[in-house]
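Remarks on the structure that follows.
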Amino acid sequence: MPQSALTLDDVLRLLTEHEEDAARTLNMVPSENATSGLAKLPLLLDPYHRYFFNESGDEARWHFRGAERLRSLETALTVPLLEELGRARYVSTKPLSGLNAMTLALGTLGGEPGSTVATIAPENGGHYATPSVAQRLGLQVEYLRGPDPHSLDLDHAAQVLSRVRPALVYVDQSHCLFPLDVRSLVATVRAASPETVVHVDASHWFGLILAGILPNPLDEGADSFGGSTHKTFPGPQKAVLLTRDPAIEKRIRDTQDYLISSHHFAATISLGIALLEFRDFGGTEYAHAVVANTKEFGRLLTERGLTVVAADRGYSAGHQLWLDTAADGIAPRTAADRLATAGIKVNFLDGLPGFTGQGLRIGLNEPTYHGLSGTDLVELADLFVSAVQNDGPYEELADRTALLRRRPRIGARLDETSPLWRTAVALATNSLRTVPGSGLNSVEAA
Ligand SMILES: Cc1ncc(COP(=O)(O)O)c(C=O)c1O
């Protein structure tokens, strides 16, 4: 049997080194974000170990009662905040991540095995996994396509919809600079195939929708929407589904308990805290800053000679920018490696719409969370371009990147004298076994 070569010392060293490194890094992967320490706290506490099933609080339903005292943190915190900010009447907090929410939505709304789901073609930014998840559920897949990476051909959509009469249109923009026009798409669906349900997977757009910057898909006529809570929304790794339609809520409720048992109750509380911070401690300003910073960063990179997609349209309406460094003579993988050496993490990817080879996909959502604005962006653009063009020295570039990290732009702070803080610190440290000479303390045997 293979044995782990790592000791607890090694584990702690790796985690410590990573934290030190992460604190000097700017993460520009658009699918990721940071979240506040306060929102992360539940993940250290007792609810991390608990199931929670009894949303109604029915006395006869406390079969799992470990989180009994905390019921309101889901039912009177996370759920109502999602309903309020997401402009929905019903919410499912069950999905663990965007892909899990996709599985739940397709499993619930995609129809019986053999039914058809229409979704966004990959060259229009559709998520790579949607066809595969649908097919594994026994569903057929048809693509909706468009003349460019940011829009759909609605005449083509009408033809597809009238021909196949899909149970579901699953709108899943993942590589996205500009949101698809959901209102026009819904009108097309209603005319061509009135019984078809429209679900918008807004994983990438979620924070911008909650802040009211991008249109809420329910206001645009979609039957439901949802997605990850950790991309443009600075929350825990989790996902949600929202609707105003009681029939759809019932279908989701009837399905979700068979696809998801533990919905990671602590992460659900974490999401509630992140939503409260978003609403009351600067979320709207943060989301506006993300969009402004993204456009400005596109301009600054272009000014410095990099090829940034969609310059004619202002680069982006959200948090993503796509860079064609191959057109500038630098392989995207090489550019990403150089940027990482300078403390900047970005995606290099195949399959960006409109690209024949790989490209760089970057996001301003996390740098904005860390407080970057104004002249910081000029400094970031200078060192970004220096790194891509191999114009070091890299130690200097990495030091300059580290200097750009500021205090988080949004969120509240837990006082370090609070009992909860002390509990969290104790919990983080008290389960370690003795390792002589390591500085780790033993837990006394009872
Ligand atoms: C539209 C869409 N759906 C699903 C996912 C998967 O989300 P997660 O990584 O949270 O599982 C993504 C991630 O990029 C996405 O863009």
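The values are calculated or read from the model by the stated rules, or taken from the named source; none is laboratory data. What you are looking at is a predicted structure, and each value in this text was computed from that prediction instead of being measured. Note: ideal-geometry Cβ built from the backbone for every residue, glycine included; neighbour counts use all protein chains shown. Areas reflect the complete protein model, heavy atoms only, side chains present, ligands, DNA and RNA absent. Shrake-Rupley method; radii C 1.70, N 1.55, O 1.52, S 1.80 Å.
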Completion exercise
With the range 309-423 reduced to its Cα atoms and the Debye formula applied, log10 I(q)/I(0) at q = 0.16 1/Å amounts to -0.81
Practice task
On a C-alpha basis, how far is the centre of the range 130-163 from the centre of the range 282-349 in Å? Whole number, if you could?
Solution key: 29 Å
Fill in the blank from the handout: Dividing the mean separation of Cα pairs under 8 Å (6+ apart) by the residue count of the chain yields a relative contact order in percent of 21 percent
Completion exercise
Rounded to one decimal in Å, the inverse mean reciprocal Cα-Cα distance for the range 52-280, i.e. its Kirkwood radius, is 17.7 Å
Practice task
Taking every pair of alpha-carbon atoms in the chain, give the share separated by more than 28 Å as a whole percent.
Solution key: 55 percent
Exercise for the section: Count the lysine pairs in the chain whose Cα atoms lie under 26 Å apart, taking only pairs 8 or more positions apart in sequence or on different chains. Expected result: 12
Handout entry: Label zone at residue 350, where the point sits 7 Å out along the Cα-to-Cβ direction: the range 305-337 residues whose backbone N lies under 19 Å
Key = 323-327, 331-337
Handout entry: Distance from the range 192-254 to the range 371-406 (C-alpha centre basis), Å
Key = 36 Å
Fill in the blank from the handout: Filtering GluC sites (Glu not before Pro) in the range 63-156 by DSSP loop and by at most 13 other Cβ atoms within 10 Å leaves none
Exercise for the section: List every DSSP H helix in the chain whose Cα atoms extend 18 Å or more along the helix's own long axis and whose mean Kyte-Doolittle hydropathy is at least 0.0. Expected result: 265-280, 375-388
Practice task
For the chain, with all protein chains present and a 1.4 Å probe, just round the carbon and sulfur fraction of the accessible area to a whole percent.
Solution key: 52 percent
Completion exercise
Listed residues 397, 349, 276; largest mean-square fluctuation, Gaussian network over the chain with Cα springs below 10 Å, found at 349
Practice task
Return the distance in nm (one decimal) between the two label points of a simple spin-label model at residue 17 and residue 413, each offset 7 Å from Cα along Cα→Cβ.
Solution key: 3.1 nm
Handout entry: Near-label residues of the range 338-378 by backbone N, under 17 Å of a point 7 Å along Cα→Cβ of residue 159
Key = none
Handout entry: For the range 135-208, projected area of the alpha-carbon convex hull averaged over all directions, nm²
Key = 5.3 nm²
Fill in the blank from the handout: Here, residue 420 and residue 29, labelled 7 Å along Cα→Cβ, have an inter-label distance in nm of 2.9 nm
Completion exercise
With R₀ set to 51 angstrom, the calculated FRET efficiency between the beta-carbons of residue 68 and residue 303, to the nearest 0.05, is 0.30
Practice task
Report the normalised scattering of the range 1-113 as log10 I(q)/I(0) at q = 0.16, 0.19, 0.23 Å⁻¹, calculated by the Debye formula with identical scatterers on the alpha carbons.
Solution key: -1.10, -1.22, -1.36
Exercise for the section: Would you mind telling me the antiparallel percentage of the DSSP bridges in the chain, rounded to 5? Expected result: 55 percent
Practice task
Might you tell me the accessible area per residue for the range 52-280, computed with a 1.4 Å probe and given in Å²?
Solution key: 38 Å²
